Amino acid sequence: MEITHIEHIGIAVRNIEACLPYYEQVLGIKCYNIEVVEDQKVKTAFFLIGQTKIELLEPTSEESTVAKFIEKKGEGVHHIAFAVPNVADALADAESKGIQLIDKAPRNGAEGLSIAFLHPKSTCSVLTELCQH
Ligand code: CO
């Protein structure tokens with residue numbers, strides 16, 4: 001697999017609005033986009049640091065996997081996303097090496113990215129996202 005950089009770090013929060021002052025006023029990084037991803041039942045807020053983003057994830061439904069994550073583990077780091085040139089190729093490569101996939105094929109993520117997740121059971125317990133611009 002060819003990873004070019006950390007595309008973003010996903011952080012599960014109960015309330016994005018409540019977190020904005022910390023990121024914007026304390027860390028001094030501006031939120032440049034807030035977007036609802038219907039597919040994943042989350043509202044997302046993005047901050048850019050170099051070429052890496054922080055992605056806050058707020059569940060919009062109790063059915064959301066992020067809501068279940070918060071219920072189980074509390075708020076905090078939810079996933080790490082690596083940028084790859086081609087998600088389908090990276091998935092095939094991971095599967096050939098015995099990695100359990102959550103997504104068998106790339107799907108649409110926030111900001112028009114093509115994304116897919118690897119199961120934490122196979123990734124030393126870190127939910128791992130692969131994404132392609
Ligand atoms: Co993500």
> Counting Lys and Arg as +1 and Asp and Glu as -1, what is the net charge of the other residues whose Cβ lies under 12 Å from the Cβ of ASP89?
Replying inline: -3
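Is it possible to state the helix-based mean residue ellipticity at 222 nm for the chain, with each DSSP H run of 4+ residues giving -39500 (n - 2.57), the sum divided by total residues, to the nearest 500 deg cm²/dmol? What is it? Walk me through the intermediate numbers first.
Working: 3 runs with 25 residues, N = 133.
Result for the chain: -5000 deg cm²/dmol, rounded to the nearest 500.
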>> Binning at 5 angstrom from zero up to the longest distance, how are the C-alpha pair distances of the chain distributed in percent?
In response: 2, 11, 20, 24, 20, 14, 7, 2, 0, 0
> What are the extents of the Cα atoms of the stretch 84-133 along their three principal axes, listed from largest to smallest and rounded to whole Å?
Replying inline: 27, 19, 15
> Any idea how far the Cα center of the stretch 48-81 sits from the one of the stretch 96-113, in Å?
Replying inline: 17
> Loop-only check: which GluC sites (Glu not before Pro) in the stretch 10-102 are DSSP coil with at most 14 other Cβ within 10 angstrom?
Replying inline: GLU62, GLU63
> Using Cα atoms only, what is the angle between the long axis of helix 87-96 and the major principal axis of the chain, expressed in degrees (0 to 90) to the nearest 10?
Replying inline: 60
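Only the coordinates and a few stated rules stand behind these numbers; no lab work does. Owing to the predicted nature of the structure, the values given are computational and were not obtained by experimental measurement. Cβ coordinates were reconstructed from backbone atoms using ideal geometry, including for glycine residues, and neighbour counts include every protein chain displayed.
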